[in-house]
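Enquirer: Once you've had a glance at the structure underneath, I'll fire off some questions.
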Amino acid sequence: LSGPSLTDPVMFIVNIDQSFEAYLDGSLIDRFGPMAGESFPGLPKVFLPLGPGYQGKMLVLRIYSPYGSIGPFMEPRIGEHHSVYSWMIRTGLPPFATGALQVLLGIFALGVFILRREERTALYYAGFAIASGIHVITRSFIRDLLWDIGPLWTYLEFGGLAISSASWCLLVGQ
């Protein structure tokens, strides 16, 4: 590892497909997924504690995935805890705000449907907007900072995608 001198350095990896063990100079520092025991094998946000004086040390990631995709997603970032969290918020806030706005518009459309039951397009749009908004929120970096619900995020992500697709088809068909 190389980089600037930091007092509390961490390496942030958006996620690792699918389970991993991390070793720093031969010592286990983190693990996730089936290699760690009975836990949800999802896509975690990874904060590897590097400790002061990390420069020159060897970081080894042992990664396992029974699926086609394997390894880290996006480029890892090394920095102080607070600077990594700040970066997560700066890059994760726009998709989170966009998803929240979609959910709000969907709730408004649902209100229109409740007031005028014959307007089926309002119901289909509400389903599309709420589900796609939830999907966008689940793709944001800051989701786990706001509410750590573990595997439920994955279920919401895929459920939002399925429901928004079905609602979109019904909306276009209407």
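The values are calculated or read from the model by the stated rules, or taken from the named source; none is laboratory data. For clarity, every value in this text was computed on a predicted model and none was experimentally measured. We place every Cβ from the backbone using ideal geometry, glycine too, and count neighbours over all the protein chains shown. Accessible surface is based on the protein model in full, side chains and every heavy atom, while ligands, DNA and RNA are left aside. Shrake-Rupley method; radii C 1.70, N 1.55, O 1.52, S 1.80 Å.
Enquirer: For residue 108, which of the numbered conditions (1) under 28 Å from residue 146 (Cβ atoms); (2) modelled with pLDDT of 95 or more; (3) open to solvent by less than 50 Å² (accessible area, probe 1.4 Å) fails to hold?
Expert: Residue 108 satisfies every listed condition except (3).
Enquirer: Given (1) more than 22 Å from residue 28 (Cβ to Cβ); (2) open to solvent by 50 Å² or more (accessible area, probe 1.4 Å), identify the lone condition not met by residue 103.
Expert: So the condition that residue 103 fails would be (2).
Enquirer: What's the number of the condition residue 6 fails, among (1) of a type outside the set (Val, Ile, Thr); (2) in contact with an Asp or Glu (Cβ under 6 Å, 6 or more places away or on another chain); (3) in a loop (DSSP other than H, G, I, E, B); (4) open to solvent by 80 Å² or more (accessible area, probe 1.4 Å)?
Expert: Tallying (1) of a type outside the set (Val, Ile, Thr); (2) in contact with an Asp or Glu (Cβ under 6 Å, 6 or more places away or on another chain); (3) in a loop (DSSP other than H, G, I, E, B); (4) open to solvent by 80 Å² or more (accessible area, probe 1.4 Å), residue 6 fails exactly one: (4).
Enquirer: Now, a different point. What number of residues within segment 132-152 are without any contact (Cβ under 8 Å) to a residue 60 or more places away in the chain and either open to solvent by less than 80 Å² (accessible area, probe 1.4 Å) or out of contact with any helix residue (DSSP H, G or I) (no Cβ under 9 Å at 6 or more places or on another chain) (or both)? Give the steps one after another, and end with the answer.
Expert: Going residue by residue through segment 132-152, those that are without any contact (Cβ under 8 Å) to a residue 60 or more places away in the chain are 132-140, 142-143, 146-149, 152.
In the following step, the residues that additionally are either open to solvent by less than 80 Å² (accessible area, probe 1.4 Å) or out of contact with any helix residue (DSSP H, G or I) (no Cβ under 9 Å at 6 or more places or on another chain) (or both) were identified as 132-138, 140, 142-143, 148-149, 152.
Within segment 132-152, residues that are without any contact (Cβ under 8 Å) to a residue 60 or more places away in the chain and either open to solvent by less than 80 Å² (accessible area, probe 1.4 Å) or out of contact with any helix residue (DSSP H, G or I) (no Cβ under 9 Å at 6 or more places or on another chain) (or both) number 13.
Enquirer: Next up: Given the conditions (1) farther than 30 Å from residue 6 by Cα; (2) out of contact with any strand residue (DSSP E or B) (no Cβ under 8 Å at 6 or more places or on another chain); (3) touching a residue at least 24 places away in the same chain (Cβ under 8 Å), and given that residue 114 satisfies all but one, which numbered condition is not satisfied?
Expert: (3)
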